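Here's the structure we're looking at; comments come further down.
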Amino acid sequence: MQAHIQTVKTLLDALPYIRRFYGETIVIKYGGAAQIDPALKDKFAQDVTLLSLVGMKPVIVHGGGKSITELSSQLGIKAEFRNGLRVSDRDSLRVAQMVLCGEINTEIVSMLNDHGGKAIGINGKDGGFVKAQAIEGLGFTGEVREVNPDLILRLIEDRFVPVIAPIASSNEPSHPGFNINADTMASAIAGAIRAKKVIFMTDTAGVLDKEKKLLRSLSRADVEALKADSTIVGGMIPKVDSALEAIKYGVEKAHILDGRVEHALLLEIFTSQGISTEITR
Ligand SMILES: Nc1ncnc2c1ncn2[C@@H]1O[C@H](COP(=O)(O)OP(=O)(O)OP(=O)(O)O)[C@@H](O)[C@H]1O
Ligand SMILES: [Mg+2]
């Protein structure tokens, strides 16, 4: 009996958060450890299914940097990065597309569906809904120019959970398309569909200071200072830049969340303090 009462209390504790986010769209960038460890993957799938079934509208954008680097090296293609962004020649783009669309996307879709979700996998080439252009010096790694929100909005209206691979089309005919950093893809999509929140799941506690202490809340000025003194480097650069972009587009809050923590998503959304680094206006 006591245990049942506890269950009911736990549900009631979640009620204010369910009410606050009911019907709201939350873009989740799924990357880092949460995307690799089998136990964490399973918990992520449970969390997303729960969010969806209590009336929130999660949209997943996934990364896959580690798997792309791994397969590239097996094929004798060297991975190269500039400011945290991958340099893609034609072969690296092929590998990125195979890994992201062929392997990771389908795996996430199955995982969500196994847990009772209604997931559907797409990438920016579907209906040409994400158009990109080249970034000087990065080959086929591109930046998003334009997102047509209609396809995603239709899917979420029908209660599907869109799972989006960060590959985009080009405006030029017969162009092979672009590999997009998943963080920038997530923020562009969050802006286009007017998401309430964007959450970047990764494999650190959040944004850390020079002493490796978690920073709980950052403004644009804080982020610029941390980049200027090289506290924020590598893969964290596109992440914080994307968080700021999303906010500029009108998303209320961006979070950089520790995907190594079990049920990190529920801890972030259903508790008052959360566990992430928050980037706010
Ligand atoms: N100040 C900082 N605080 C925390 N992490 C930082 C900081 N500066 C750089 N990093 C690095 O950024 C990394 C996160 O970005 P990374 O691109 O490696 O992962 P991801 O974006 O989660 O995954 P993927 O790129 O595969 O989608 C951390 O693992 C850490 O090494
Ligand atoms: Mg990254």
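The values are calculated or read from the model by the stated rules, or taken from the named source; none is laboratory data. Worth saying up front: this structure is predicted, and the values here are computed from it rather than measured. Heads up, the Cβs are rebuilt from the backbone with ideal geometry, glycines too, and the neighbour counts pull from every protein chain shown. Only protein heavy atoms, including side chains, enter the accessible area calculation; ligands, DNA and RNA are left aside. Shrake-Rupley method; radii C 1.70, N 1.55, O 1.52, S 1.80 Å.
Residues checked against (1) touching a residue at least 60 places away in the same chain (Cβ under 8 Å); (2) open to solvent by less than 70 Å² (accessible area, probe 1.4 Å):
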| residue | (1), (2) |
| --- | --- |
| 99 | no, yes |
| 107 | no, no |
| 112 | yes, yes |
| 115 | yes, yes |
| 118 | yes, no |
| 125 | no, no |
| 132 | no, yes |
| 141 | no, yes |
| 145 | no, no |
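Taking the options 222, 203, 241, 209, name whichever one is more than 16 Å from the chain's Cα centre (by Cα), in contact (Cβ under 8 Å) with a residue 12 or more places away in the chain and open to solvent by 10 Å² or more (accessible area, probe 1.4 Å).
Numbers: 222 fails: in contact (Cβ under 8 Å) with a residue 12 or more places away in the chain; 203 fails: more than 16 Å from the chain's Cα centre (by Cα); 241 fails: more than 16 Å from the chain's Cα centre (by Cα).
Result: 209 is the single residue among 222, 203, 241, 209 that is more than 16 Å from the chain's Cα centre (by Cα), in contact (Cβ under 8 Å) with a residue 12 or more places away in the chain and open to solvent by 10 Å² or more (accessible area, probe 1.4 Å).
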So which of 261, 198, 251 ends up being open to solvent by less than 10 Å² (accessible area, probe 1.4 Å), of a type in the set (A, V, I, L, M) and within 16 Å of ligand 1 (Cβ to nearest atom)? 198
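If we only count helices (runs of 4 or more DSSP H) wholly inside the range 14-133, which ones have 3 or more residues that are among the hydrophobic types (A, V, I, L, M, F, W, C) and at negative phi?
38-53, 90-97, 106-114
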Only one of (1) within 30 Å of residue 39 (Cβ to Cβ); (2) open to solvent by 10 Å² or more (accessible area, probe 1.4 Å); (3) away from ligand 1 (no atom under 14 Å from the Cβ) fails for residue 236. Which number is that? (3)
Residue check for residue 11: of a type in the set (A, V, I, L, M), assigned to a helix (DSSP H, G or I) and open to solvent by 70 Å² or more (accessible area, probe 1.4 Å): yes
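Is there a residue in the range 153-164 that is under 28 Å from residue 91 (Cβ atoms) and open to solvent by 10 Å² or more (accessible area, probe 1.4 Å)? Show your work before the answer.
The first filter runs over the range 153-164 and keeps only residues under 28 Å from residue 91 (Cβ atoms), leaving 163-164.
Among the residues that remain, those that are also open to solvent by 10 Å² or more (accessible area, probe 1.4 Å) are: none.
No, there is no match, as no residue in the range 153-164 is under 28 Å from residue 91 (Cβ atoms) and open to solvent by 10 Å² or more (accessible area, probe 1.4 Å).
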So, in the range 57-86, exactly how many residues are in contact (Cβ under 8 Å) with a residue 12 or more places away in the chain, open to solvent by 30 Å² or more (accessible area, probe 1.4 Å) and within 15 Å of ligand 2 (Cβ to nearest atom)? 8
Against the conditions (1) in contact with a Ser or Thr (Cβ under 9 Å, 6 or more places away or on another chain); (2) small (Gly, Ala, Ser); (3) more than 16 Å from ligand 2 (Cβ to nearest atom), where does residue 142 fall short? Just the number, please. (3)
